[in-house]
Amino acid sequence: MFPIKARTTPMSVWRASKILHCNTKPTSIKPRFGLLSKILSHRAVMGTAQLCSVSVANEESLSLSSSSTCNTAVTCTTFNILAPIYKRLNGQTRESEIRECWIGRNEGILEKLLPLKSSLYVCRRNVQEFWIGNGEFVGMYERRLGDAGYATYKLARTNNRGDGLLTAIKQDQFKVLNYKELVFNDFGDRVSQLLHLDLVNISQSQSLNTKKEALLVNTHLLFPHNAAYCLRRLLKVYRILRYIKSYCEEHQVPQVPIILCGDWNGSKNGNVYKFLRSQGFESSYDIVHRYTDGDADVHKWISHRNHRGNICGVDFIWLLNPANARKSLTGSFVESLFGNIKSFIKKESNGTARIPDIVYDFKKDNHITYSQFCQSYTGLTSDLRDAITSEEMKDFWNCIDTNGDGIVDLSELESNQREYDTPSSPRKSKISTTIAFNVKKAALYPPEVEKGVWPDYYSLSDHAQLTVEFVPMMNNCS
């Protein structure tokens, strides 16, 4: 599907972001809650790169057997910091051309991030923007994070785009058991990172069978420029989730919490959001603030002002706990894919175009063939139909035709849940207890975005910084 590389040595991962103007003096705000407020106390700069971090919020060690909840909090921050090569000053000059501007802005970003005492930082880009192509820029982050005790992992976008992803982990609180790079080598040159982590700061003195592990993914999706991009975005998420599943099976990973961090370039109205929800993932920020998936809560908060001037919430820290119910991965992908197609046809034709039967009721014959699958695109407008290449069409099909026989049995899609997918039927393992995460706190900076307002003073990035505090809990696997 795509090549995956494993690395054992820490590397830096960066994403750059954009700024509206050159401002080198971060301002402070009144702390909002405890240690997390220190992280959020600096002024942000407008940008498109994203930083995600996970860390232990206090220094107490604990015994998982002493209670169902732990005293140590794990903090995760995601922030798109906008690469200087993409940030425009006065509409023309790129920030990368004026050293004092990008130096000042990124020093402000680091000053905001480092006081967090986070154990893990995942730095990524919004529209893929960590300036990996500039050695001085990379060195500045590696040096500051290294001095603070972080191991850094970086991953560049393919085809020399100049930006990429960064993940930084506090070495005295997390052990990286494995690091994988997901290089898609397809449209948009997108990449993702997966880190298999062990929370070394949590004691397991009472039970040798307790696993205190978690999986972390750092990614950045395409911007939904048009309907074709929406389909590509959905495919990227499906591939990420399928890789996570295959990784857990290959490495016999027990039921552990999974955190997906990044700039998803899509709101709660989108099919990517709905697809992730079908897989049991929950938006950590929405859990804390008790926001639902309903229309009334869609625009309660924002995290991005995009290049079109629109404001929306696109930065998420997704959490999947072992006990969360989820649907069949491939079956949900098929439903989301056809749901996208149906929506596009209705929208572009104002409801007048005939939608292929395979889209409306693709379970009619209990199976579909590749030719039937291709027919689902015949009702699309020429702009979308021409935008999706034949190679991409085959790519979509290969994702659902898992055995390669040219026929997809839809009943198999519904029942094709591996034991890993069903919380009530965990894979057989000698591990009796793992951890889950309870979402304790979540905040966006600047605070105005929590009310759906983008403040004029904010200049660190064109994305807000999202920080979530998790409390580990015991999860009985037996």
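The values are calculated or read from the model by the stated rules, or taken from the named source; none is laboratory data. Keep in mind the model is a prediction, meaning the values are calculated, not measured. Cβ coordinates were reconstructed from backbone atoms using ideal geometry, including for glycine residues, and neighbour counts include every protein chain displayed. Ligands, DNA and RNA are stripped out before the accessible areas are found, and what is left, the full protein with its side chains, is counted by its heavy atoms. Shrake-Rupley method; radii C 1.70, N 1.55, O 1.52, S 1.80 Å.
Just to be sure before I move on: is Gly309 outside any helix (DSSP H, G or I), at pLDDT 95 or above and of a type outside the set (A, V, I, L, M, F, W, C) in the structure I sent?
Working: outside any helix (DSSP H, G or I): yes; at pLDDT 95 or above: no; of a type outside the set (A, V, I, L, M, F, W, C): yes.
The answer is no for Gly309.
Suppose we filter His225, His251 for residues that are farther than 30 Å from Gly139 by Cα, free of Cβ contacts under 8 Å to residues at least 40 places away in the same chain and of a type outside the set (Ser, Thr, Tyr); which single one remains? I'd like the intermediate steps shown before the answer.
On the way: His251 fails: free of Cβ contacts under 8 Å to residues at least 40 places away in the same chain.
Going through His225, His251 in turn, just one is farther than 30 Å from Gly139 by Cα, free of Cβ contacts under 8 Å to residues at least 40 places away in the same chain and of a type outside the set (Ser, Thr, Tyr): His225.
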What's the number of the condition Arg427 fails, among (1) modelled with pLDDT of 85 or more; (2) more than 29 Å from Asn340 (Cα to Cα)?
-> (1)
Among helices (runs of 4 or more DSSP H) entirely inside the range 225-292, those with 2 or more residues being touching a strand residue (DSSP E or B) at 6+ places or on another chain (Cβ under 9 Å) and under 21 Å from Thr467 (Cα atoms) are 271-278, 284-289
Under 18 Å from the mean Cα position of the chain (by Cα), surrounded by 15 or more Cβ atoms within 10 Å (Cβ to Cβ) and within 19 Å of Leu444 (Cβ to Cβ): does that describe Tyr285?
-> yes
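For the range 92-125, enumerate the residues that are modelled with pLDDT under 75, open to solvent by 40 Å² or more (accessible area, probe 1.4 Å) and not in a helix (DSSP H, G or I). Steps first, answer last, please.
Initially, the range 92-125 is screened for residues modelled with pLDDT under 75, giving 115-125.
When the remaining residues are screened for being open to solvent by 40 Å² or more (accessible area, probe 1.4 Å), the result is 115, 117.
Result: Lys117, single match.
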Could you please find all residues in the range 129-184 being over 20 Å from Leu195 (Cα atoms), in a helix (DSSP H, G or I) and not charged (D, E, K, R)?
-> Gly135, Phe137, Val138, Gly139, Met140
Is it the case that some residue within the range 440-450 is modelled with pLDDT of 95 or more, open to solvent by 50 Å² or more (accessible area, probe 1.4 Å) and more than 23 Å from Gly280 (Cβ to Cβ)?
-> yes
